[in-house]
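> Supplied in structure tokens, the structure appears directly below.
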Amino acid sequence: MTTAAARPADFGNLWTLPGVYAPQADTYLLARALHREGVTAGMEVLDVCTGSGALALLAARMRARVTATDISRRAVMTARMNAARAGHRIRVMRGDLTGPVAGRRFDLVTSNPPYVPTPLEHRSRPHGSAVAWDAGLGGRQALDRICAHARDVLRPHGVLLLVQSGLCGVEETLSRMTDSGLSCSVTERSYVPYGPVMTKRLPWLSDQGLVDADDDAEELVVIRAERS
């Protein structure tokens, strides 16, 4: 069992507007996977659900050509501001998942999408900061759509790095990716204490059979999927 990934020092001093997802344990785990992938100068990288732009900036520091997307106006503003403050040119586009880059292909795609299972009373339409984590009853609202479209945005031998919770079906993601023609595996695992959102939902999650009543930590994984 692996403990939570250490915070990468090269994230720098990021600025976030209220309601924008700031780097947390899942961001750090995905950053570790990005480092291991060996990004080189000139690679075209897409960061889906960029939030503060942390992963996009990390790829830009590796001299990649970076595009980032997010459905939140505040996230787009935040990522653009962080790129400007860091002196990096990153194209940040507002839109749903890979929609803004339809027809384009990338060498590497990173994504930290919403994946928190969400009770019915919260599922009408996420707003504010909840856009960054509320993901439907099984937590797969965004994950299933990423699985369906990942191959379309990858060049031959392109790679997707996707972080998600173990609560929302790691095997389901692997199966969907494989069915779409991608070779995939779990490359990073980490266990982190439940944060405020998960802690508040523990009774409901327990009723759904997604956690045990005495659980106090969540498994996070990074899935690596490669197009042949």
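The values are calculated or read from the model by the stated rules, or taken from the named source; none is laboratory data. Only a predicted model underlies this, so the values are computations on that prediction, with no experimental measurement involved. Note that each Cβ is placed from the backbone with ideal geometry, even for glycine, and that neighbours are counted across all protein chains shown. Only protein heavy atoms, including side chains, enter the accessible area calculation; ligands, DNA and RNA are left aside. Shrake-Rupley method; radii C 1.70, N 1.55, O 1.52, S 1.80 Å.
> Just one of Leu174, Leu205 is over 23 Å from Pro23 (Cβ atoms), in contact with a strand residue (DSSP E or B) (Cβ under 8 Å, 6 or more places away or on another chain), open to solvent by less than 40 Å² (accessible area, probe 1.4 Å) and part of a helix (DSSP H, G or I); which is it?
Leu174
> Considering Leu55, Leu34, Leu17, Leu46, which residue is at pLDDT below 95 and touching a Ser or Thr at 6+ places or on another chain (Cβ under 8 Å)?
Just one listed residue meets the conditions, Leu17.
> Related question: Starting from residues that are outside any helix (DSSP H, G or I) and hydroxyl-bearing (Ser, Thr, Tyr), keep the ones in the stretch 58-95 and report whichever is modelled with the lowest pLDDT.
The residue in question is Ser72.
> Being in contact with a strand residue (DSSP E or B) (Cβ under 9 Å, 6 or more places away or on another chain) and open to solvent by less than 40 Å² (accessible area, probe 1.4 Å) is the requirement here; does Gly99 meet it?
no
> Collect the residues in the stretch 120-136 that are part of a loop (DSSP other than H, G, I, E, B) and modelled with pLDDT of 85 or more, keeping them in residue-number order.
Trp133, Ala135, Gly136, listed by residue number.
> Follow-up. Across the stretch 16-52, which residue is most open to solvent (accessible area, probe 1.4 Å) among those that are hydrophobic (A, V, I, L, M, F, W, C) and farther than 16 Å from Ala68 by Cβ?
Ala41
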